[in-house]
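A quick write-up on the structure given underneath.
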Amino acid sequence: MYRQLFVWFVFVGPAFVAQGQQLSRGEVKKLLTRVHEKRVESPNVQADFQEEKTSHFLNKKLLSTGKVWFQAPNKFRREMKGSAQSVAVSNGHDFWIFFPNSKSTQHFSLGKNSPVEAALSAMNTALNLENVESTYQINGNKVDHGYELQLVPRTSAGKRIFQRFDLRLSSDFFVQRTEMLKPNGDQIITTYSNQSRAAIASQTFEFTPPAGTTVSNPLGR
């Protein structure tokens, strides 16, 4: 059970090679302000994604595809296809992970300093970028048709999840690609496509375990 959860949380990848014009600290702040303004204007984002994962748990690279929906500040749904098929859903209060192949579901209550929240926050960083300066050291570059940002965790909780998180933004502030590096060397590269800021139905962020599914609460909450 715990290994299944841990493997699901391996969101990692090799770092970008810095290219383009380096941004000053003031320019990074202005960029994040523009991203924030775009998020206020439209709090929804959805996209298809493709992942290539390398892990010491795996004998070969794991290739997966799926779709993600996000609504600021903390609602999301992530459906993963392929051999690591899963559905992860959070309405901001509860977090569910459904594994169709094993017909099992894990439920976590959020809030009250839940240890799962740090992992969820890291996972949604690419889609949110809200208040990132308080938890990450940030460097940036202006590149053709967009920007590259490199985030290094400031907190001990963040450092336990990854060493560095790099992302590429388009000129209209859609995330195009992320690369994350974990302390143990596990890696993943995620590429996004078909991004949209269209409205998302509220039921997208709700989840009811299918009939015949085993439900567990790993943290006892």
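The values are calculated or read from the model by the stated rules, or taken from the named source; none is laboratory data. As the structure is a computational prediction, the values presented were derived from the model and not from experiment. Here the Cβ positions follow ideal geometry from the backbone for every residue, glycine too, while neighbour counts run over all protein chains shown. To get the accessible areas, we keep the full protein, side chains included, count just its heavy atoms, and leave off ligands, DNA and RNA. Shrake-Rupley method; radii C 1.70, N 1.55, O 1.52, S 1.80 Å.
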* **For the chain, convex hull volume per residue from C-alpha positions, Å³** => 122
* Once label points are set 7 Å from the Cα along Cα→Cβ at both Glu27 and Thr65, what is their separation, rounded to one decimal in nm? -> 3.7
* To do: Starting at the first residue of segment 44-50, write each ³J(HN,Hα) from the Karplus equation 6.51 cos²θ - 1.76 cosθ + 1.60 with θ = phi - 60°, in whole Hz, x for Gly and Pro.
  => 9, 8, 9, 6, 7, 9, 10
* Under the Karplus curve 6.51 cos²θ - 1.76 cosθ + 1.60, θ = phi - 60°, whole-Hz ³J(HN,Hα) for segment 211-219, x wherever Gly or Pro sits -> 4, x, 8, 7, 10, 10, 10, x, 9
* Structure fact -> Rounded to the nearest 10 Å², the accessible area of Glu148 using a 1.4 Å probe with every protein chain kept is 10
* Structure fact -> Carbon/sulfur accessible area of segment 144-213, % of total, 1.4 Å probe, equals 47
* To do: Over segment 31-140, give the accessible area per residue in Å² for a 1.4 Å probe, as an integer.
  => 48
* Asked: Looking at Phe76, Thr105, Ser64, which one has the Cα that reaches farthest to the positive end of the dipole of segment 56-105 (charges on Cβ: Lys, Arg +1; Asp, Glu -1)?
  -> Ser64
* To do: Taking only protein heavy atoms into account and a 1.4 Å probe, give the accessible area per residue of segment 153-221 in Å².
  => 51
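As a quick test, which of the pairs Lys53/Lys103; Lys30/Lys81; Lys38/Lys67; Lys81/Lys182; Lys29/Lys61 have an alpha carbon distance above 29 angstrom in this structure?
Details: Lys53/Lys103 23 Å; Lys30/Lys81 37 Å; Lys38/Lys67 21 Å; Lys81/Lys182 23 Å; Lys29/Lys61 36 Å.
Correct reply: Lys30/Lys81; Lys29/Lys61.
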